[in-house]
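A short write-up of the structure that comes next.
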Amino acid sequence: MIAYLEGRLLELSEKTCLLVTEGGVGYEVFMPSSALSKLPALGGQAALFVHTVIREDAIDLYGFLSSEDREVFRTLISIDKLGPKKALAILAQFSPEHLREIAFREDDATLATVPGIGPKSARQILWFLKDKVAKIKGPLGKAPKGAAARPADEYLDALAGLKNLGYSEEEVRPMLQEIFGEEPDQDAAGAIRAALKRIASARK
């Protein structure tokens, strides 16, 4: 079972990369588009954590830039009727941290923005994912590296509050992560006030 590859990038496409190992063997690896965009230029060296799927007519390799991303992929494909291709589509759009937040707040509307996943499928995926979400190592309930833990409920409440005020999730998520990293005991209301101050200051 192939679990890790290092080598030279020979080809890149919208869905795969071709990685040639030191021994001269080339492996075609499926990857999320978000990960493919972070690979070096052709001819550069890359290291991938790999999940191998063996089918009757093929052996498919799925590559990730970190073991955490691979673990999220494995968690997703353990959900009934969620295959590798849809799991890649989800990971192309959401980081492990973002996906974990979506699961905790049961945000099927956001998950349904992934191509090929409708509202009904999104609800089913989240229903199963909530039971498995503890397997996704990482950020929800934890502050950024080096910072203390933050209460997940307060963080999610602050995020929901800012979204209700009209701010985009992409704009305020990094800001809230920083705020809770600096003050782990912050409540949602205090975090919202701190975020609004930062937004106002940045727009001056």
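Values in this text are rule-based calculations from the coordinates and carry no lab data. Quantities reported herein were computed from a predicted structural model and do not represent experimental measurements. Neighbour counts run over all protein chains shown; Cβ positions are idealised from the backbone, glycine included.
Points to keep in mind about this one:
- Looking at the chain, the DSSP beta bridges with both ends there are about 95 percent antiparallel.
- Correct option for mean projected area of the Cα convex hull in nm² [calculated from the coordinates] among [x] 13.6; [y] 16.2; [z] 15.4: [x]
- Peptide packing: for 37-43, 115-121, the average count of neighbouring Cβ atoms within 10 Å per residue gives the ranking 115-121, 37-43, highest mean first.
- Each peptide in 5-18, 68-81 receives the mean, over its residues, of other Cβ atoms within 10 Å, and ordering these scores from highest gives 68-81, 5-18.
- Projected label distance in nm at GLU11 and ASP57, using a 7 Å step from Cα toward the beta-carbon: 1.9 nm
- Inter-probe distance in nm under a simple model that places probes 7 Å from Cα toward Cβ, at ARG74 and MET1: 0.7 nm
- Anisotropy class of the range 68-135 from Cα gyration tensor, a/c 1.5 cut: rounded
- Across LYS86/LYS130; LYS15/LYS132; LYS81/LYS132; LYS15/LYS86, pairs whose alpha-carbon gap is larger than 20 Å: LYS15/LYS132
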